[in-house]
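These notes are about the structure you will find just below.
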Amino acid sequence: MDVSTELQSEIHLTETAKMMQPNSATTPVQIELATEERMELRKTLSPSTSREKAVEQKTKPLNTDFERRVRQLLAEGKMEAYEKAEVAVKLLDLKFEESEAIYAANECGNLYMAVSYLQQNCELCAGRFPMGKMVSMLFCVHRCCRGCAKDYFTIKIKERNIMEAVCPFCDEPDLTDDSVAAEYFNNLDIMLKNIVDSEVHELFQCKVRDRALMSDPNFRWCAACASGFIADPNRKRLVCPDCQAVTCALCKKPWEWQHDGISCEMFAQWKEEIGRAHV
């Protein structure tokens, strides 16, 4: 209520009081009505704005540890509304982590919704986990707990083709599209870094790299080790950059100086003749 409104109300109260002064013509009923009107009018002059209520609430003594913790969240700037701070403290009492409790309290309207938000169902193991321990698939709406995600992607990376490292529920996305695959693997690389073990993540990166290299027509696998590399298409003699093994770019056989200048068929025939001669 602003100053002008208060002044007008006070004037009205004064005039009403003067009009209702008991005199010879005033009945007891009129006097009682005048008194009641003055009481109601005074009520309208009492502090009623939200700001005034907030001031009153702040000046109330801290009667409980609960109130102290609520006000501490407000003072630290972690919560903006008193009601939401109360929800956050109740979530903390339910053993949720502070970051999760604060986020859920700000996002949800009440304690029930906040708890439901923090208790998510894993679609693989059917367990219930806080939101912070859930993993959402990248190209669909499915999600599972971190433990299930770690086990699933570890098996796909270590034992299967990297093209199978998609959603365990709907097999999305379609990795036959190179542009989709490139975007998916880039995002999956970021996600897996915080889920799987470091050696599994490194293997994932190697397989993604090899997949990209294999799309190059000049990509070659080393015949002696598991490494792959881009070869010079004009060179028949290839040297692996990892193990230094030398092989033929065409027949993949270990390179021998006798192969130089002759075709792979002639070199293979020569090897067979040498083998028979030594029998």
Once both labels are modelled 7 Å past Cα along the beta-carbon direction, what's the ALA212-SER263 spacing in nm?
-> 3.9 nm
PRE zone check, label point 7 Å out along Cα-to-Cβ of ARG235, amide N under 16 Å, scope the stretch 182-225, hits 218-224
Residue by residue through the stretch 231-246, the couplings from Karplus 6.51 cos²θ - 1.76 cosθ + 1.60 with θ = phi - 60°, in Hz, x for Gly and Pro, are 9, 6, x, 8, 10, 8, 9, 10, 10, 5, x, 8, 9, 6, 5, 10
Spin-label proximity, ASN194 to the stretch 127-146 - amide N less than 17 Å from point 7 Å beyond Cα toward beta carbon | 130-139, 143-146
Cβ charges +1 (Lys, Arg) and -1 (Asp, Glu), total dipole of the stretch 57-141, debye = 200 debye
Rounded to 0.05, the calculated FRET efficiency for the beta carbons of SER116 and CYS243 at R₀ = 51 Å is 0.35
What base-10 log of the normalised intensity I(q)/I(0) is obtained for the stretch 201-279 from the Debye formula, alpha carbons as equal point scatterers, at q = 0.12 Å⁻¹?
-> -0.43
For the stretch 108-209, state the semi-axes of the equivalent ellipsoid (square roots of 5 times the eigenvalues of the alpha-carbon gyration tensor), sorted largest first and rounded to whole angstrom.
-> 27, 15, 12
Of the accessible area of the stretch 147-210, computed with a 1.4 Å probe and all protein chains kept, carbon and sulfur make up a percent value of 46 percent
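For the stretch 125-276, with only Lys/Arg (+1) and Asp/Glu (-1) charged at the beta-carbon, what is the dipole magnitude about the Cα centre, in debye rounded to 20? Write out the running numbers ahead of the final one.
Numbers: 20 positive and 22 negative charges, 86 e Å.
It comes to approximately 420 debye.
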What list of ³J(HN,Hα) couplings, whole Hz, do you get for the stretch 201-215 from phi and the Karplus terms 6.51, -1.76, 1.60, once you set θ to phi - 60° and write x for glycine and proline?
-> 5, 5, 5, 4, 5, 5, 5, 5, 4, 5, 4, 5, 5, 5, 6
Amide N of the stretch 190-209 lying under 19 Å from the label point, which is placed 7 angstrom from the Cα of SER227 along Cα→Cβ | 202-209
For the stretch 152-270: accessible area per residue (Å², 1.4 Å) = 61 Å²
Across the stretch 80-87, in residue order, what do the Karplus-derived ³J(HN,Hα) couplings come to in whole Hz, using 6.51 cos²θ - 1.76 cosθ + 1.60 with θ = phi - 60° and x for Gly and Pro?
-> 10, 10, 4, 5, 5, 5, 4, 4
How much length, in nm to one decimal, is gained on full extension between LEU94 and GLU159, taken as 0.36 nm per residue of separation minus their Cα-Cα distance?
-> 19.4 nm
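Evaluate E = 1/(1 + (r/R0)^6) for THR176 and GLU273, where r is the Cβ-Cβ distance and R0 equals 45 Å; express this FRET efficiency to the nearest 0.05. Show your work: numbers first, answer last.
On the way: r = 46 Å, r/R0 = 1.03.
Computed FRET efficiency for THR176 and GLU273: 0.45.
The values are calculated or read from the model by the stated rules, or taken from the named source; none is laboratory data. No experiment lies behind these values; they were computed from the predicted model shown. Cβ: placed from backbone, ideal geometry, glycine included. Neighbour counts: every protein chain shown. Remember, those area values only see protein heavy atoms, side chains included, never the ligands or the DNA or RNA. Shrake-Rupley method; radii C 1.70, N 1.55, O 1.52, S 1.80 Å.
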